[in-house]
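A.B. asks: First the structure, which I've put down as structure tokens, then a few questions once you've had a look.
The values are calculated or read from the model by the stated rules, or taken from the named source; none is laboratory data. These numbers were taken from a predicted model, which means no experiment stands behind them. A quick note on method: Cβ atoms are made from the backbone with ideal geometry, for glycine too, and the neighbour counts reach across all protein chains shown. To get the accessible areas, we keep the full protein, side chains included, count just its heavy atoms, and leave off ligands, DNA and RNA. Shrake-Rupley method; radii C 1.70, N 1.55, O 1.52, S 1.80 Å.
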Amino acid sequence: MKKITISAYLIQTFIIAILFLPFIAVIPVKATVDTLRYWDKKKTKFVYYDKFNDGSQIVVQAARFPIKAPAVIKSLSVTLTGGTGAVTISVLGHQAGEHIPTLGLYGRDVIGSATITKTQNGPQTFSLNMPDNTKTSQNQIWVMVSGMTAGMYLLSDNTTLPVACTAGAAGGDYYYQILVNAQNQLAVGSSGFLIDVIVDYPSLTSPEYFKDVTASLGFPTNISNYTIAWGDYDSDGFQDLLVSGHLFHNERGSSFKEVTSSVGISGTPQSNAFADFDNDGDMDILFLFSQKDNPPPSIL
């Protein structure tokens, strides 16, 4: 991506613009108010991205903000640079947990949006107040800038941030910046846009959030989740887990113990299931393999 530097002293010339609906009055500040920010206010130089490395023009820019607990989104500020003209700023929801705002690019999962007018050349900051009681119970939101008049850009710093989350082979890594060209090709940035989001956390502990207990319950952390089935194979009243050909015995709700080899099963099937095939009251196990595999296509 092509990036261009701009001196920080220009940042002090910002004009604050208050927008119309759907961004309206801000609710009173509480002790739990937090500012989500991934850019460095102390930097002396800032940058903006205008093109991909292949020369295609950037038309959409989005910033990802992890949310640590259910929150009320109160307001945000966005700093643009370049020439004058119109731009649409949207707050997007969870985006199905994806590392890119795919739904938002098609106008879906939009919490609120407004079209603003940039009235001066160079940096200009816009403060947007969200409607009262704008809540999110998910673990991320997005701020997306789109429909920019040619020559307008979203400002960024150039500090390299660590990856927020690594999804591995099953998905992409989670960064804080996404850039999109007119062909809907995407690129990630490793810095932070000059965007602040003000949120209020009613509580930092919530039953809506899950804790990763994979390792502590006795499961290997590198096992594939290609095939999964639950069933009480030994009729002790606790559900056991069959995953990718590995059988884990439920130790009466306290942990899981792998018993794959000791019960005489082997192989990594394309599908597996528990079922009482002979109606004797005990759960049996079915492995389904593809036709090209050896052992044969299915094992009971």
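A.B. asks: Applying the selection to region 235-260, what residues are open to solvent by 60 Å² or more (accessible area, probe 1.4 Å) and under 17 Å from Ala275 (Cβ atoms)?
C.D. replies: Ser235, Gln239
A.B. asks: Counting just the residues of region 57-79 that are out of contact with any Ser or Thr (no Cβ under 8 Å at 6 or more places or on another chain) and among the hydrophobic types (A, V, I, L, M, F, W, C), which one comes out farthest from Leu179 (Cα to Cα)?
C.D. replies: Among them, the one singled out is Phe65.
A.B. asks: Here's another thing I want to ask about it. Could you count how many residues in region 54-102 are free of Cβ contacts under 8 Å to residues at least 40 places away in the same chain and of a type in the set (Val, Ile, Thr)?
C.D. replies: Residues flagged as free of Cβ contacts under 8 Å to residues at least 40 places away in the same chain and of a type in the set (Val, Ile, Thr) within region 54-102 amount to 1.
A.B. asks: Here's something else I'd like to know. Do we find a residue being out of contact with any Cys (no Cβ under 7 Å at 6 or more places or on another chain) and at pLDDT below 80 anywhere in region 152-160?
C.D. replies: no
A.B. asks: So for region 273-283 (the condition being aliphatic (A, V, I, L, M) and touching a Leu at 6+ places or on another chain (Cβ under 6 Å)), does at least one residue qualify?
C.D. replies: Among the residues of region 273-283, at least one is aliphatic (A, V, I, L, M) and touching a Leu at 6+ places or on another chain (Cβ under 6 Å), which makes the answer yes.
A.B. asks: Could you count how many residues in region 122-135 are assigned to a loop (DSSP other than H, G, I, E, B) and surrounded by fewer than 18 Cβ atoms within 10 Å (Cβ to Cβ)?
C.D. replies: Counting residues in region 122-135 that are assigned to a loop (DSSP other than H, G, I, E, B) and surrounded by fewer than 18 Cβ atoms within 10 Å (Cβ to Cβ) gives 4.
A.B. asks: Of the residues that sit in region 148-164 and are polar (S, T, N, Q) and more than 13 Å from Phe193 (Cβ to Cβ), which one is most open to solvent (accessible area, probe 1.4 Å)?
C.D. replies: Only one residue tops the list, namely Thr160.
A.B. asks: Here is a further query. Checking Ala69 against (1) at pLDDT below 90; (2) hydrophobic (A, V, I, L, M, F, W, C); (3) surrounded by fewer than 17 Cβ atoms within 10 Å (Cβ to Cβ), which single condition isn't satisfied?
C.D. replies: (3)
A.B. asks: Inside region 136-188, counting only strands (runs of 3 or more DSSP E) that do not spill past its ends, which hold 3 or more residues that are aromatic (Phe, Trp, Tyr)?
C.D. replies: Qualifying strands (runs of 3 or more DSSP E): none found.
A.B. asks: For Tyr176, only one of the following conditions fails: (1) open to solvent by less than 50 Å² (accessible area, probe 1.4 Å); (2) more than 13 Å from the chain's Cα centre (by Cα); (3) at pLDDT 90 or above. What is its number?
C.D. replies: Result: Tyr176 passes all but (2).
A.B. asks: Looking for something under 30 Å from Gln61 (Cα atoms), modelled with pLDDT under 90 and either basic (Lys, Arg) or more than 19 Å from the chain's Cα centre (by Cα) (or both) - is there at least one such residue anywhere in region 223-239?
C.D. replies: Looking through region 223-239, none of the residues is under 30 Å from Gln61 (Cα atoms), modelled with pLDDT under 90 and either basic (Lys, Arg) or more than 19 Å from the chain's Cα centre (by Cα) (or both).
A.B. asks: Shifting gears a bit: Please verify whether region 104-121 includes one or more residues that are part of a helix (DSSP H, G or I) and at pLDDT below 95.
C.D. replies: Taking every residue of region 104-121 in turn, at least one turns out to be part of a helix (DSSP H, G or I) and at pLDDT below 95.
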